[in-house]
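S.K.: Sharing a structure with you now.
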Amino acid sequence: MYKKLKRYMLSAEVYFLNWGKEGLIIPLRLPKGRRRYKKEDIEKLLGMIEEKPKPTVVLYAKLSTKKQEEYLKNQIRRLEEYAKSQGWQYEVISEIASTVE
């Protein structure tokens, strides 16, 4: 029984090493070089957990006058850069509107 279990664990370790080389799973390295894997990462890789699609976020930019149109473009660019850095799917809504009292 022990030999059978040991053989199974060695073959599983080979899979983990290969998955790590392919970038499919990232091990946590312990001080002595041993690897540990998150249960969630393994379950996701094996298809036991479905990955939820990321929701689309809305990036909203608004300025009050037509003279500030260049600022609006800059504001949108900065919002898009941030959304991309977070890995978000996004939609841009922008407007130039004056406030009337």
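S.K.: Mind checking which residues of the range 63-91 are touching a residue at least 24 places away in the same chain (Cβ under 8 Å), surrounded by 13 or more Cβ atoms within 10 Å (Cβ to Cβ) and within 29 Å of the chain's Cα centre (by Cα)?
M.R.: Across the range 63-91, the qualifying residues are L72, A83, W88, Y90.
S.K.: Please count how many residues of the range 44-62 are surrounded by 12 or more Cβ atoms within 10 Å (Cβ to Cβ) and of a type in the set (A, V, I, L, M, F, W, C).
M.R.: 5
S.K.: Something else: Of the residues E40, E22, E13, E51, which is over 30 Å from V92 (Cα atoms), of a type in the set (D, E), modelled with pLDDT under 80 and not assigned by TED's automatic domain parsing to the domain that holds A83? Give the derivation first.
M.R.: Numbers: E40 fails: modelled with pLDDT under 80; E22 fails: modelled with pLDDT under 80; E51 fails: over 30 Å from V92 (Cα atoms).
Of E40, E22, E13, E51, the one residue that is over 30 Å from V92 (Cα atoms), of a type in the set (D, E), modelled with pLDDT under 80 and not assigned by TED's automatic domain parsing to the domain that holds A83 is E13.
S.K.: May I ask you to list the residues in the range 15-42 that are surrounded by 11 or more Cβ atoms within 10 Å (Cβ to Cβ) and closer than 21 Å to G87 by Cβ?
M.R.: L24, I25, I26, K38, D41
The values are calculated or read from the model by the stated rules, or taken from the named source; none is laboratory data. Remember, predicted model here, so these are calculated numbers, not experimental data. Cβ atoms come from the backbone with ideal geometry, glycine included; neighbour counts cover every protein chain shown.
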